[in-house]
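> There's a structure below that I have some questions on.
Quick note: the coordinates plus some simple rules give every number you see, no bench work behind them. The shown structure was predicted, so the numbers you read here are calculated from the model rather than taken from an experiment. A quick note on method: Cβ atoms are made from the backbone with ideal geometry, for glycine too, and the neighbour counts reach across all protein chains shown.
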Amino acid sequence: MQQAENPWRDAFRLLGRTLTFRTTTEEFESATWHSYLVGFLMTWLAGFGRTWDDPDAPVLRATGLGSVVYVVVLACLITIFALPLSRRRVGYRATLLFVLMTAPPALIYAIPV
């Protein structure tokens, strides 16, 4: 009996593979919206966690939405600057997903010291 595919499990598997440097471009290009949602959630949590105890933080930073905007712009800039340097064209969506999947280590900022 073959196990049915679970898109959420695949999204977290991609996250783990990204953080351990084992992903391929094809995995990013064939990812579903589940992977993007997990990436945006991790980015939002990291952004929110950075300033959760700062009462003077600006609204955009305090809500974590500044980090979400930041990764979208960063992925755009990486895509633009990488275009003339790469032999194989990697699209914006794959670049965005890669940047999103590197957000979980930033959750360390949320740990109170």
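> Which trypsin sites (Lys or Arg not before Pro) in the range 1-82 pass both tests, a DSSP loop state and at most 13 other beta-carbon atoms within 10 Å? Each step should come with its number before you reach the end.
Working: sites: Arg9, Arg13, Arg17, Arg22, Arg50, Arg61; in loops: Arg22.
Hits after loop and neighbour filter: Arg22.
> How about the range 1-99: which chymotrypsin sites (Phe, Trp or Tyr not before Pro) there are in a DSSP loop, with at most 10 other Cβ atoms within 10 Å of their Cβ?
On the way: sites: Trp8, Phe12, Phe21, Phe28, Trp33, Tyr36, Phe40, Trp44, Phe48, Trp52, Tyr70, Phe81, Tyr92, Phe98; in loops: Phe21, Trp52.
Here the chymotrypsin sites (Phe, Trp or Tyr not before Pro) that fit, given the DSSP loop and packing criteria, are Phe21.
> How big is the Cα convex hull of the range 1-69 in projection, averaged over all directions, in nm²?
Its Cα hull, projected and averaged over all orientations, spans 6.2 nm².
> How much net charge surrounds Phe21 when only the other residues with a Cβ under 15 Å from the Cβ of Phe21 are counted, with Lys and Arg +1 and Asp and Glu -1?
Numbers: positive: Arg13, Arg17, Arg22; negative: Glu27.
Around Phe21, the surrounding residues sum to +2.
> Can you figure out the FRET efficiency of Phe81 with Tyr36, using R₀ = 25 Å and their beta-carbon distance, to the nearest 0.05?
Numbers: r = 22 Å, r/R0 = 0.88.
Efficiency, from the Cβ-Cβ distance: 0.70.
> Ok, one more. Subtracting the Cα-Cα distance from 0.36 nm times the residue separation, let me have the gained length for Leu74 to Trp52 in nm, one decimal. Present the calculation step by step, with values, prior to reporting the outcome.
Values: separation 22, 0.36 × 22 = 7.92 nm, distance 2.31 nm.
Working it through step by step, the gained length comes to 5.6 nm.
> Local charge sum around Ala31 (other residues, Cβ-Cβ under 9 Å, Lys/Arg +1, Asp/Glu -1)? All intermediate terms of the calculation are to be shown ahead of the outcome.
Values: positive: Arg93; negative: Asp10, Glu27, Glu29.
Neighbour charge sum, excluding Ala31 itself: -2.
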